[in-house]
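Enquirer: First, the structure itself, so that you have it in front of you.
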Amino acid sequence: MIFRKLKVLSDDEVVKIVEGAFRILRTTGCRFEDEKCMDELESAGCDVDRSTMVVKFSEDVIFDALDNVPSVTPPDDLPKVRVASANKGMILDCKTKKMRPGTTEDARNVIKLCNSLDNITLASAGIVSSDVPVQAVEVFNIGLLMKYSEKLFNQWIYETENVPVVMEMAEVITGGSEELRGSKFLSYMLNSVSPLRFPPKQLAISRMYAERDLPIAVASMTQAGSVSPATPAGCLVLCAAELLAGLVWVRSLRTKTEVALGALTQVMQMRTGRQLYASPEQTLMFLGAHQIIRYFGYCSGNTSFETDSCDFDMQNGWEKALSGVMCWAAGCDMFGQAGFLFDGFSMEQLVLDNEALGMLSKVGEGVLVNDDTLALDVIKSVGPGGNFLGEKHTMAHARDAWRPSIFQRVSFEHWAKSGGMRIIAHAHDKVNEILSSKELSLQIPEDQAKAIDDIVARRVAAVAEKGAC
Amino acid sequence: MSLLEKIKNSIIEMEPELTVELTQSALAEGIAPMEIVAGGLISGIEIVGVKFKNDEVFLPEVMMSAKAFKDGFAAVSPKLKDSGYEPKGRVLIGSVKGDIHDIGKNIVIALLQGNGYEVHDAGVDAPPERFVDMVREIKPNVVGMSALLTTTMAFMRDTVSALKDAGLRDSLKIIVGGAPVSADFAKEIGADGYGEDAGEAVDLVKSLLAS
Amino acid sequence: MIFNKLDVVSTQEIERILDTSYRILEEVGFKYEWDWALELLEKRGCKVDMAKQIACVPRSLTLEAVANMKPLASPQDYPKIFWAPWIGMNIIDFETKTKRAGTLNDCRNVINLVNHLENISVSSTGVVPQDVPIEISDIYMAELLFKYSEKIVTTWTYTIESAHDLVEMAKAVTGGEDELRGSRMINYLAEPVSPLKLSKHSLEIMKVYGELDQPINMGPMVQVGTTGPATLAGSVALQMAENLAGLVYLYCLGSNSPMALGGPMQTSDMRTGRCLYAAPELSLIHLALVACAHHLGFMSGCTSGLTDSNCMDFQSGWDRGLSMMLLWAAGSESIGMRGEIGGGEGFCLESLVVENEMGGMLRVLSEGILVNDDTLALDVIEKVGIGGNYLMEKHTMRHARDFWQPGVFTQDTFDKYWSEPKPIEQRARERVEKILTENSLELQVSEDVAAEIDRIVSRRVKAAGLQ
């Protein structure tokens, strides 16, 4: 049996941080940059200043939200290690080591890979296709994912006008607006801009999702040293405050929307101000935020499983493990982005991540303890000094073990003789193998696919027309 | 230690209040404003710049020195008007349309101000038209654009086109920065330069204005 | 505060595994290949078959030994989690993609390097020197470690003669037998041969070190599916039985040696039979072992941080990371910074340097999140307010240098990195060369002690008729 209960804060420390967040929400408050929010939050009992759009929160209001906003329960059929394929702009050309703009062909290829890679739980189109008008690209990608992805998917939406279009597409698939309502087919992430702001567009989009009872992830993107205090504890106070503020707003909408909470915590490189994707302090903050989110009673996610390495090297693998394995050991529900490589997307990285996660999933199966696995009788029959190779018990379990699909287990001589390749070469081969051997096939009936195509085409044309004016 | 030396050190020691106090004393003692700027403020911030490059000081420390410079400069600037002082250059900077992230932009602004540039802020989610209007009004030497998201990056191209269409492109240099942006992308959209972090942005402005 | 509470087995499951271990010792027995030891055990109530050299250890004796033997606590003056480099036969050279036999000079370099790697707390020679007669290479390894290491050391003892020589050297260093007793000069790894056997020379060496109360780590090496059952729980039960067999023997000797339980278990690729250095099952059995050792009140000494990759690529980082992170999360006292590469193919100085950097990151994690009025920063958060930034705050300046800084890891942007790519092997190589050229090995003992150690070595060389 597995117990994933790694903690970096004592219960007292969690309470101290949460009390700090309560104080900040009472004294400083949070700005909701959307007129409608003022009415909504006022009706929920918040102290609203309409001229500055700053909202202050009493303890009662926060507790009311914590008591009444339900947490997302992840679909039970998903494996324990949940990882989404990343959503990025550029894509890596593995040969030239250059990032280039993505194309629709890339998007199809990424979906194909996601279908074939067992340990990637949520699919994505990977990139922003540069051959589709930028305001319509989200709709275009979602169209592809709805048609071809064998898995639930993850696609960010930045354009408010795209939301009704995406809803219409989702209704085609689910069968209608009532069927879509309350399903987990679509979800949205409401992201604060630290410190203590929620921008208008995101609020407007979130409202559209909430009105249909679709799940919302409220996430806080603090960055130690720049938009948040330089101390991890202070960062967590700010993170908790933003999550609670978002939660109160969701509560004020009085819908049945379920919520997950997320920590997209970052650390700034103190030397230059650059954003870092992996650091030990960041891992500590992910772990601390997870405990706080659990204390609130919610499903938790974060942006772990990323790296600052630009290469497929030892640093890359280690940093992925640093945040990914630790968050797993703490019982996080959702990890960061697979296929992510230095703010771009890499199909080879997706394959490597899939392999790595396969190992972690296997660890998640734990150690089975029963009479058969304890094997006392076999140990007795072999006795001191023998060996187990000829035993039936061994035969019966010879295929239990995890087997790599690309990781190498060959001798040094064999490795050196066959060119001394790094794992990236095998990952690249695997990408090519999947792309050349697999076809994308429609996952929905043809009439639905046709309807989706029509909606996408309409949106692309509308954007193009607007651009032409 | 001379007063100018003390001003210089207060910047290196990251003490904005002290810089202002010393600058005011220097003015009261009748030291020429130009001399205070050149011999005190600028020589201080230049040393900090070198230390920053050599990884001896970290960004928050540079920012504090930059604040000391900026505050000291504000104290002396009313007196500078008569002395014919010109800022090193005028920069307009903003986060492009769709992007509501401003931390990167704000760091660059602080460092540029701390290096003696006059900086105007176009804010966040700034549409191409806002850039055009502000360029007409301010007449900057350099326009800087920032984007954090890959989807908003595309608006950098639109902004460059808008400046071209308005006939303003040739009068200024355009620089871009932000997590998803690269030197290739900068070239592709017709910008004059790309800075990979705030320190590089300052160097970039310096070299573009020198050329 | 950190609570390392990753568990892969419940308390009930641990007890079931240990119950199986007790039953193995009682019902199957353990082969002690030294009559002297068998007689000792018989006197303490074991049922002994002298012809087969098997002693069946009653559960009561095992439990008595567990209750009375002293656990090896982590040295207070060293960080708790970072263990010794591995000791291999070969040195790996990345530039030429070749491996070659280790030499005395390599041993010196490894000791020199470890002296300057701040996150590695125990030293070793990294390789077995093969430019000296191999049968007494353990003496040369001990000589170099005792003379030059600034840290606690771990090394190998091949024979009873070597054990006596090592004791004599250690006495010279500490000042005498009383000073040596209870010190941590010799950390012996006792290696039962799985399944269920301790050789005569291991038993003899354990007696020598045990009587001087030197720390003894039990290091059986059950391999799932070959020298142990193909199921994880059974192999762990067997591994613990072998651990306990050593513990019972030392208890019967009257030794006060502090002990660590665990040891390097192994799995193999069931297709090829190749022994694996990284696999999810390997992590699982080590996690279960840590749980069993802790349940009995002992420190766990398991291996981690190894890889099957032959170079410093993604696989090598993930393999090491997975096993180290899991053990850390489970609260294991020792986590490997091993310098090993390619499934035990050889030792690699570059890798050790990178692993040291990994250790630095783990050390930051171990420090946890400090929660107090200053770090909670409520006043600063209120002051900055909504939409501002923290860069110009005194609080930020004060803490700007709290953050971990990389050495060989890169935080460059993609364009910058690939404009002049310098792979991690090369960056690590430069760090190795810098450390080795800037620092020469310095004697950590007085000239007199060094001379005494040299005398013991040359006496042994002569006695063995070797040169």
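The values are calculated or read from the model by the stated rules, or taken from the named source; none is laboratory data. Remember, it's a predicted structure, so these values are computed and weren't measured experimentally. Neighbour counts are summed over all protein chains in view; Cβ atoms, including those assigned to glycine, are modelled from backbone coordinates with ideal geometry. For the accessible areas, the whole protein counts, side chains as well, though only heavy atoms, and no ligand, DNA or RNA atoms are used. Shrake-Rupley method; radii C 1.70, N 1.55, O 1.52, S 1.80 Å.
Enquirer: Out of the helices (runs of 4 or more DSSP H) lying entirely within the range C:154-235, which hold 2 or more residues that are β-branched (Val, Ile, Thr), at pLDDT 95 or above and over 18 Å from the mean Cα position of the chain (by Cα)?
Expert: Output list reads C:160-174, C:200-211.
Enquirer: When the range B:97-114 is examined, which residues are found to be in a helix (DSSP H, G or I) and farther than 22 Å from A:TYR158 by Cβ?
Expert: B:ILE107, B:VAL108, B:ILE109, B:ALA110, B:LEU111, B:LEU112, B:GLN113
Enquirer: Also, I was wondering about something else. Quick check on my filter: what residues within the range C:293-327 are part of a helix (DSSP H, G or I), of a type outside the set (Gly, Ala, Ser) and within 11 Å of chain A (Cβ to nearest Cβ)?
Expert: Answer for the range C:293-327, where residues must be part of a helix (DSSP H, G or I), of a type outside the set (Gly, Ala, Ser) and within 11 Å of chain A (Cβ to nearest Cβ): C:PHE314, C:GLN315, C:TRP318, C:ASP319, C:ARG320, C:LEU322, C:MET324, C:MET325, C:LEU326, C:LEU327.
Enquirer: Have a look at A:ALA321, A:ALA356 and point out the one that is facing another protein chain (nearest Cβ under 8 Å), of a type in the set (Gly, Ala, Ser), outside any loop (DSSP other than H, G, I, E, B) and under 14 Å from A:ARG82 (Cα atoms).
Expert: Criteria check complete, one pass: A:ALA356.
Enquirer: Of all the residues that make up the range A:1-16, how many are among the hydrophobic types (A, V, I, L, M, F, W, C), within 7 Å of chain C (Cβ to nearest Cβ) and surrounded by 19 or more Cβ atoms within 10 Å (Cβ to Cβ)?
Expert: Result for the range A:1-16: 4.
Enquirer: Could I ask something else about it? I'm told A:SER71 meets every condition in (1) among the small types (Gly, Ala, Ser); (2) within 11 Å of chain C (Cβ to nearest Cβ); (3) surrounded by fewer than 20 Cβ atoms within 10 Å (Cβ to Cβ) except one. Can you identify the failing condition by its number?
Expert: Just one mismatch for A:SER71, condition (2).
Enquirer: Restricting attention to the range A:218-228, which residues are within 16 Å of A:ALA240 (Cβ to Cβ) and either at pLDDT 95 or above or open to solvent by less than 10 Å² (accessible area, probe 1.4 Å) (or both)?
Expert: If the condition is that a residue be within 16 Å of A:ALA240 (Cβ to Cβ) and either at pLDDT 95 or above or open to solvent by less than 10 Å² (accessible area, probe 1.4 Å) (or both), then A:VAL218, A:ALA219, A:SER220, A:THR222, A:ALA224, A:SER228 are the ones that fit.
For every residue, the table says whether it meets (1) open to solvent by 10 Å² or more (accessible area, probe 1.4 Å); (2) in a loop (DSSP other than H, G, I, E, B).
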{"residue": "C:GLU242", "(1), (2)": "no, no"}
{"residue": "C:LEU261", "(1), (2)": "no, no"}
{"residue": "C:MET270", "(1), (2)": "yes, yes"}
{"residue": "C:GLY273", "(1), (2)": "yes, yes"}
{"residue": "C:ALA291", "(1), (2)": "yes, no"}
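Enquirer: Still on this structure, I have one more. Give me the pairs, please: first residue somewhere in the range C:379-397 and within 8 Å of chain A (Cβ to nearest Cβ), second residue anywhere and surrounded by fewer than 17 Cβ atoms within 10 Å (Cβ to Cβ), beta-carbon distance under 6 Å, and either six or more positions apart or on two chains.
Expert: The qualifying pairs are C:GLU382/A:THR27.
Enquirer: Taking the range C:107-153 as the search range and keeping residues that are without any contact (Cβ under 8 Å) to a residue 60 or more places away in the chain and part of a helix (DSSP H, G or I), which one is most open to solvent (accessible area, probe 1.4 Å)?
Expert: Residue satisfying both the conditions and the ranking: C:ILE134.
Enquirer: Mind listing whichever residues of the range A:228-241 are hydrophobic (A, V, I, L, M, F, W, C) and part of a helix (DSSP H, G or I)?
Expert: Residues satisfying the conditions are A:ALA233, A:CYS235, A:LEU236, A:VAL237, A:LEU238, A:CYS239, A:ALA240, A:ALA241.
Enquirer: Would you say C:ILE369 is surrounded by 22 or more Cβ atoms within 10 Å (Cβ to Cβ), facing chain A (nearest Cβ under 9 Å) and closer than 30 Å to C:HIS295 by Cα?
Expert: Criteria met by C:ILE369.
Enquirer: Please go through (1) in contact with an Asp or Glu (Cβ under 7 Å, 6 or more places away or on another chain); (2) open to solvent by 50 Å² or more (accessible area, probe 1.4 Å); (3) part of a loop (DSSP other than H, G, I, E, B); (4) at pLDDT below 95 for C:LYS416 and return the number of the only condition it doesn't satisfy.
Expert: Just one mismatch for C:LYS416, condition (3).
Enquirer: Out of all the residues in the range B:81-122, which are more than 24 Å from B:ASP133 (Cα to Cα) and surrounded by fewer than 17 Cβ atoms within 10 Å (Cβ to Cβ)?
Expert: B:LYS81, B:ASP82, B:SER83, B:GLY84, B:TYR85
Enquirer: To continue, here is another question. Regarding C:GLN266, is this residue open to solvent by 10 Å² or more (accessible area, probe 1.4 Å) and in contact (Cβ under 8 Å) with a residue 40 or more places away in the chain?
Expert: Spelling it out, C:GLN266 is indeed open to solvent by 10 Å² or more (accessible area, probe 1.4 Å) and in contact (Cβ under 8 Å) with a residue 40 or more places away in the chain.
Enquirer: Related question: Yes or no: the range C:411-421 includes at least one residue that is of a type outside the set (Phe, Trp, Tyr), at the interface with chain A (Cβ under 7 Å from one of its Cβ atoms) and within 26 Å of A:SER192 (Cβ to Cβ).
Expert: Checked against the condition, which is being of a type outside the set (Phe, Trp, Tyr), at the interface with chain A (Cβ under 7 Å from one of its Cβ atoms) and within 26 Å of A:SER192 (Cβ to Cβ), the range C:411-421 yields at least one hit.
Enquirer: A further question follows. If you go through the range B:159-188, how many residues are over 16 Å from the mean Cα position of the chain (by Cα), of a type in the set (A, V, I, L, M, F, W, C) and open to solvent by less than 10 Å² (accessible area, probe 1.4 Å)?
Expert: Residues in the range B:159-188 being over 16 Å from the mean Cα position of the chain (by Cα), of a type in the set (A, V, I, L, M, F, W, C) and open to solvent by less than 10 Å² (accessible area, probe 1.4 Å): 4 in total.
Enquirer: Identify, from the list A:ARG50, A:ARG100, the residue that is open to solvent by 20 Å² or more (accessible area, probe 1.4 Å) and closer than 23 Å to A:SER436 by Cα.
Expert: On inspection, the qualifying residue turns out to be A:ARG100.
Enquirer: Please verify whether the range C:72-92 includes one or more residues that are in contact (Cβ under 8 Å) with a residue 12 or more places away in the chain, open to solvent by less than 40 Å² (accessible area, probe 1.4 Å), farther than 30 Å from A:GLU413 by Cβ and not in a loop (DSSP other than H, G, I, E, B).
Expert: The answer is yes; a qualifying residue exists.
Enquirer: Could you check how many residues of the range A:402-423 are under 24 Å from A:GLY358 (Cβ atoms) and open to solvent by less than 40 Å² (accessible area, probe 1.4 Å)?
Expert: Residues flagged as under 24 Å from A:GLY358 (Cβ atoms) and open to solvent by less than 40 Å² (accessible area, probe 1.4 Å) within the range A:402-423 amount to 9.
Enquirer: I've got another one for you. Scanning the range C:398-410 for residues that are more than 7 Å from chain A (Cβ to nearest Cβ) and assigned to a loop (DSSP other than H, G, I, E, B), which turns out least open to solvent (accessible area, probe 1.4 Å)?
Expert: So the residue we want is C:VAL408.
Enquirer: Can you pull out the residues in the range A:17-46 that are more than 24 Å from C:ALA377 (Cα to Cα) and open to solvent by 60 Å² or more (accessible area, probe 1.4 Å)?
Expert: Those that are more than 24 Å from C:ALA377 (Cα to Cα) and open to solvent by 60 Å² or more (accessible area, probe 1.4 Å): A:GLU35, A:LYS36, A:ASP39, A:GLU42, A:SER43.
Enquirer: Among the residues of the range C:251-272, which ones are in contact with a Lys or Arg (Cβ under 8 Å, 6 or more places away or on another chain) and of a type in the set (Val, Ile, Thr)?
Expert: Result: C:THR272, single match.
Enquirer: Any residue in the range A:38-51 that's of a type in the set (Lys, Arg): show its pairings with residues that are not in a loop (DSSP other than H, G, I, E, B) at Cβ separation under 8 Å, as long as the two are six or more apart or on different chains.
Expert: Close Cβ pairs satisfying both conditions: A:ARG50/A:MET38.
Enquirer: List pairs: first in the range A:350-373 and closer than 22 Å to A:ILE111 by Cβ, second open to solvent by 30 Å² or more (accessible area, probe 1.4 Å) and charged (D, E, K, R), Cβ under 6 Å, 6+ apart or cross-chain?
Expert: A:VAL351/A:LYS430
Enquirer: Counting only residues that are open to solvent by less than 20 Å² (accessible area, probe 1.4 Å), more than 8 Å from chain C (Cβ to nearest Cβ) and more than 20 Å from B:ILE103 (Cα to Cα), give me the strands (runs of 3 or more DSSP E) lying completely in the range A:242-303 with at least 2 of them.
Expert: Output list reads A:259-263, A:299-302.
Enquirer: Of all residues in the range C:1-31, count the ones that are more than 7 Å from chain A (Cβ to nearest Cβ) and touching a Lys or Arg at 6+ places or on another chain (Cβ under 7 Å).
Expert: 2
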